[in-house]
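J.: To start, I am sharing the structure in question, which I have written as structure tokens.
Coordinate-derived values only; no laboratory data. If you're wondering where the values come from, they're calculated on a predicted model, not measured in any experiment. Cβ sites come from the backbone with ideal geometry, for glycine too, and all protein chains shown count toward neighbours.
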Amino acid sequence: MKRSGILHPALNAELARLGHTDELVVADCGLPIPPGPAVVDLAFTFGVPTFLQVLDGLLAELVVERAVVALELADRNPSCAAALAARLPVVDRIGHEQLKARVAGARLVVRTGEATPYANVLLRCGVPF
């Protein structure tokens, strides 16, 4: 058994496959997920697990060089926008429709139980050197 970190075996397997410049999406429970990316669905009930709980677990395991969020996040979910700004090195903003279109090109989508508006982020993997 692992000593710490993410325990979900399917999520661990998908994370191990990510490389530099690969993108993954941490999604709320309402984000449409098109065919293409691998999906690990962690949603249990509305709000469980939260977007930030999942994001924090992922950030403890991954090197992230950039992030992309919806422009609408700042107005519609300011607490989430502030939390992302505090956790991520570079946060780019694009329209929500553009963000949804980029999900198809991601290698992985991790769906949370989050039920607040626009709580989605696309993370671009970096390298630790």
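J.: Once amide H atoms are placed 1.01 Å from N in the peptide plane, what residues at a sequence separation of 5 or more from ARG66, or on another chain, have their amide H within under 5 Å of its amide H?
T.: Long-range HN contacts for ARG66: ARG124.
J.: Of all trypsin sites (Lys or Arg not before Pro) in the range 1-54, which ones are in loop regions per DSSP and have a Cβ with at most 11 other Cβ atoms within 10 Å?
T.: When the trypsin sites (Lys or Arg not before Pro) of the range 1-54 are filtered for loop state and at most 11 Cβ neighbours within 10 Å, LYS2, ARG3 remain.
J.: Before rounding to the nearest 500, sum -39500 (n - 2.57) across all DSSP H runs of length at least 4 in the chain and divide by the residue total; then give [θ] at 222 nm in deg cm²/dmol.
T.: The per-residue figure over the chain is -8500 deg cm²/dmol.
J.: Mind sorting out which of [x] 42, 36, 31; [y] 52, 34, 23; [z] 42, 33, 25 is the real Cα extents along the principal axes in Å computed from the coordinates?
T.: [x]
J.: What percent does the relative contact order of the chain come to when contacts are Cα pairs within less than 8 Å and at least six residues apart?
T.: About 47 percent, as a whole number.
J.: Further question: To check you understand DSSP bridge types, tell me what percent of the beta bridges within the chain (both residues inside) are antiparallel, rounded to 5.
T.: 45
J.: Sum up the charges of everything whose Cβ sits under 12 Å from the Cβ of CYS29, counting Lys and Arg as +1 and Asp and Glu as -1, but leave CYS29 out.
T.: Net of charged neighbours comes to -2.
J.: Using the charge dipole of the chain (Lys, Arg: +1 at Cβ; Asp, Glu: -1 at Cβ; taken about the Cα centre), state which of PRO78, GLN98, ASN12 has its Cα farthest towards the positive end.
T.: The Cα lying farthest towards the positive end belongs to ASN12.
J.: Here's a follow-up. Hey, got the dipole for the range 20-125? About the Cα centre, +1 on K and R Cβ, -1 on D and E Cβ, debye to the nearest 20?
T.: 120
J.: Cut-off 10 angstrom, C-alpha nodes, Gaussian network model of the chain. Which of PRO117, PRO32, PRO49 fluctuates the most?
T.: Sorting by GNM fluctuation, first place goes to PRO32.
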